[in-house]
Structure formats: structure tokens, C-alpha cells
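Please read the structure below before turning to the comments.
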Amino acid sequence: MATTAEPRSEATTGPTKAKGWGTDAPDQPLRPMEFERRALRDDDVAIQITYAGICHSDLHTARNDWAGTQYPVIPGHEIVGKVTAVGSAVTRHRVGDTVAVGCMVDSCMACDQCLDGWEVFCREGCTQTYNSPDRRSGEITKGGYTDHIVVRDHFVCKVPDGMDEAKVAPLLCAGITTYSPLRQYGVGQGTKMAVVGLGGLGHMGVKLGVALGASVTIITTTPEKGEDARALGAEDVILSTDAAQMEAAATRFDFILNTVPVPHEIDGYLSLLGRSGRMVIVGALTQMPGFVGASLIWWNRAVGGSAIGGIPETQEMLDLCAEKGIYPEVEMIAMNEVNEAYERLLKNDVRYRFVIDMARGI
Ligand code: NAP
Ligand code: ZN
């Protein structure tokens, strides 16, 4: 059934019946599920979902790669839709607005981190969009592979007027997760930057790095992606499996954004950093093989990590993408193609983000 229906007037009066796709166990495919969304609280926004992106983190969670998945789980944290109802205290959003939701749906909003716009590091723990206990009811959150969602107003971003709504969803995770470290470390005009891994995050890293004025190189394991990388704005391409190419690039970069989704050796990438260069790892790795200390000491290098980004920074990123016309490269799928999409994601066969079009049925 198509889901671009009229706004749901019953949303203000009680819990609503929701449809989604989730999985019951790490080795089970996703399947249609029905459940209830909570009744609107005063500061809640109800959203009819039009598009949902598929992040590699969805796959990690569905397969319990990080342990801690509570089944059944309904993933999805790259969400775009239309506001269908708002609680009595909501002033920032109106029925009919096009809005977006990313990886978080709530936090204490009172600690130093929340007040600083770093809700992701809320002292009480932020509530993630799926697989996370709701702060008030304790029920486990269900994500964006659903027809509608109810989210605290602060965590709902505005999709700027004129944006192509069909392509916005991946910005809510792949976009902010790559934008945030670029901003934290002042990547801009004159920065020699490299991105490791041309996937969902990596391709946004290239686009955003170029938009901020950096000279961007892509470091890939897939020779066939070289042409795409240049089309996305990369000035150079290095094949990481080619020792000669890696050696020739020693000490070339100021900043490396590493998006590899599996545990891997980092010494080879560290050797590409020049004086006081930094590598930021955004891949959510369960473990990290050791690396040689001298890789850091020589050339004063640093290695660190970065977790999504805050809500104000997410809105800033959306506004920048609207202004500069920056969009992910997306492959649209129907909800019932999600299992095939997961298999293709595992095989590194996506150019460069799957987006579920809810109008094609759920
Ligand atoms: P993705 O679309 O699967 O892209 C990952 C890319 O890494 C692939 O396209 C591939 O690029 C490269 N790669 C894959 N396997 C590799 C291997 N064995 N060795 C070297 N390179 C490999 O994944 P994604 O959605 O961008 O997510 C990337 C990672 O970031 C995941 O672990 C995800 O959970 C994590 N993540 C973290 C945050 C955060 O807040 N820090 C937020 C979102 C996602 P090439 O073909 O170019 O080599
Ligand atoms: Zn994600």
C-alpha cells in the first residue's frame, strides 16, 4: 500500500498503528512488522516517512556485530518525511513541513554537552533512533524503515525549501558524520585531505571536503571506483592494495578521514600523514589491530575518532548542502528490496547509498 497518505489526524489522540520492516535475529532476513508508535507528547512531532537511507550501521545492528541488539529490531536513522501532527508545545515545526531525523531522537537537554549542541555525548546518554530505550517509557525505539515516526521536536531538522527531498535522507547520517570531523579540525581551503573507502560515508566526505575548499584524494580498494571518485570531485585516487602507490604518497596529507567498516591495519594509512597530520576514524569498529607507535611519533601524527555530530551542526550541514546543491548519489529501492540491499552492501556493491522510497509500498 502506498504511504504518502493524507496527514493522520488521529496522531494527537493516542498511540498509532505503525508498519515497518525489521529482523528477529542476526541470521534472519528483515520482514514486515506491525507495532505501535506512542501518543504525541507535548514536545513531539509526528512524521509520515517518505524516504529512509540504509547505513552500514543498520546492517551492523541487524546482524548484532556490536552485540547489544535487542530483537526484534527495526533499523533506519536517515529519515525524511512530512510533519503530520505536532504536540501543544512545539513551535519550530508545522503540519506539512518537510523534515528530517538522524541518529538521535532524545537526550537530557540539560547537561553541558546537550547545552553545547553535542547531544550525542549527553551525560545521561542520548536516545538513538532505534535499538535504544526511550527516556520516559523505556520502550525500545524503532527506526526509519517504517511508515511513520514520533520524535521530540529538538531532534527534528528542517529540510530547507527547494531541496530534492528524495536525496536528503543520507545526509542525516553519512552527511553529518563526515561533515562534523571536517569542521572540528578546520578542513578547508588548502587542506590536503584523503578519504579512505568510497562508500556511503566516504562519498559524502569527498563532496563535503571539496565544498569546504580542500584538495581531496580518495584511497580505495576498488580500482573501478576511480572514475567515480574524480566525478565526485576527488583530484587523485590511490589504490591502497598497490604498495608502490601507497609509498609514493607517504607524508602527503594533512587530514585523513577513514570510513572502513571492518577491523583493519592502520599503519599504512598513518604513513600518508605529513607533519602534525591527523587521521579520524569514523568506521564503527569492534576492535582495532595494534599499530606501531613510531607511526605517530614521527611526523607528530594523531589518530582519533568522531561520532555523528550534534543537532545544530546537522542543521548547519543541511543548510550548506541546500545552498551548494550537495546531494548523495543514491540508488532508490522499494522496502521489500531491503534484504537484497543488505547483501549488496556487504559485497561493497552500492553506488553510493541505498534509499528506500516509501511510496513504493511498505
Ligand atoms: P559502506 O557504504 O559499506 O562503505 C564502506 C567502504 O569502505 C566501502 O565502500 C569500501 O570502499 C571500504 N571497505 C569495505 N570493506 C573494506 C575492507 N575490508 N578494507 C578496506 N576498505 C574496505 O559503509 P558506510 O555506511 O559508509 O559506513 C562506514 C562505517 O562507518 C561503518 O562501520 C558504519 O557503521 C560507520 N558509521 C559510523 C558513524 C559514526 O558516528 N562514527 C556513523 C555512521 C556510520 P572502497 O571500495 O573504496 O575500498
Ligand atoms: Zn548511519
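Mean residue ellipticity, 222 nm, helices only, the chain: the sum of -39500 (n - 2.57) across DSSP H runs of n ≥ 4, divided by residue count and rounded to 500, is -5500 deg cm²/dmol.
Residues whose amide H comes within less than 5 Å of that of residue 127, counting only those at least five positions distant or on another chain, are 105, 106, 107 (H built at 1.01 Å from N in the peptide plane).
Annotation for the stretch 25-120: chymotrypsin sites (Phe, Trp or Tyr not before Pro) lying in DSSP loop with at most 13 further Cβ atoms inside 10 Å of their Cβ are 66.
Looking at the chain, identify the longest residue range that excludes and avoids all trypsin sites (Lys or Arg not before Pro) in DSSP loops having at most 12 other Cβ atoms within 10 Å.
137-346
Largest GNM mean-square fluctuation among 76, 143, 325, using the chain with Cα springs under 10 Å: 325. Under a 5 Å amide H cut-off, with hydrogens placed 1.01 Å from N, residue 187 pairs with nothing among residues at least 5 apart or on other chains. With the simple spin-label model, which puts each label point 7 Å out from Cα in the Cβ direction, the residue 92 to residue 108 separation comes to 2.0 nm. The stretch 290-362: which chymotrypsin sites (Phe, Trp or Tyr not before Pro) are DSSP loop and have at most 16 other beta-carbon atoms within 10 angstrom? Answer in residue order: 291.
Within the stretch 74-196, the ratio Rg/Rh, alpha carbon atoms throughout and Rh by Kirkwood, equals 0.99. Across the stretch 222-227, coupling constants 3J(HN,Hα) worked out from phi with the 6.51/-1.76/1.60 Karplus curve, θ = phi - 60°, read 10, x, 5, 7, x, 5 Hz, and Gly and Pro carry x. Judged by the gyration tensor of its Cα atoms, with axes a ≥ b ≥ c, the stretch 1-146 is oblate; a/c meets the 1.5 cut and b/c is at least as large as a/b. Remark: relative contact order (the stretch 174-305) = 21 percent; criterion is Cα-Cα distance under 8 angstrom and separation of 6 or more residues.
Calculated accessible area for the chain comes out at 41 Å² per residue, all protein chains present (probe 1.4 Å; ligands, DNA, RNA ignored). Relative to the Cα centre, the charge distribution of the stretch 174-305, modelled as +1 at Lys and Arg Cβ and -1 at Asp and Glu Cβ, gives a dipole magnitude of about 480 debye.
3J(HN,Hα) along the stretch 314-328: 5, 5, 4, 5, 4, 5, 5, 5, 5, 5, 9, x, 8, 9, x Hz, from the Karplus curve 6.51 cos²θ - 1.76 cosθ + 1.60 with θ = phi - 60°, whole Hz, x for Gly and Pro. State whether the stretch 174-305 is rounded, prolate or oblate according to the following rule on the C-alpha gyration tensor (a ≥ b ≥ c being the square roots of its eigenvalues): a/c under 1.5 gives rounded; otherwise a/b larger than b/c gives prolate, and the remaining case gives oblate. Here the stretch 174-305 falls in the rounded category. Once both labels are positioned 7 Å from their Cα atoms along Cα-to-Cβ, the gap between residue 116 and residue 265 label points is 3.7 nm. The distance separating the Cα centre of the stretch 286-304 from that of the stretch 125-140 comes to 35 Å. Taking the chain as a Gaussian network of alpha-carbon nodes connected by springs under 10 Å, the highest mean-square fluctuation of the residues 86, 95, 156 belongs to 95. The accessible surface of the chain, taken with every protein chain in place and a 1.4 Å probe, is 49 percent carbon and sulfur. Proximity of backbone amide H atoms, modeled 1.01 Å from N, is registered between residue 256 and 194, 278, 279, 280 at under 5 Å, excluding neighbours fewer than 5 places apart on the same chain. In the chain, excluding the sites themselves, the longest stretch lacking any of the GluC sites (Glu not before Pro) that are in a DSSP loop with at most 15 other Cβ atoms within 10 Å is 1-123. Rounded to the nearest Hz, the phi-derived 3J(HN,Hα) couplings of the stretch 237-253 under the Karplus curve 6.51 cos²θ - 1.76 cosθ + 1.60 (θ = phi - 60°) are 9, 10, 8, 5, 7, 9, 4, 5, 5, 5, 5, 5, 9, 3, 6, 7, 10, where x marks glycine and proline.
The values are calculated or read from the model by the stated rules, or taken from the named source; none is laboratory data. Please read all numbers here as calculations on a predicted model, not as lab measurements. Ideal geometry is used to build each Cβ from the backbone, glycine not excepted, and the neighbour counts take in all protein chains shown. Heads up: the accessible areas ignore ligands, DNA and RNA and are worked out on the full protein's heavy atoms, side chains in. Shrake-Rupley method; radii C 1.70, N 1.55, O 1.52, S 1.80 Å.
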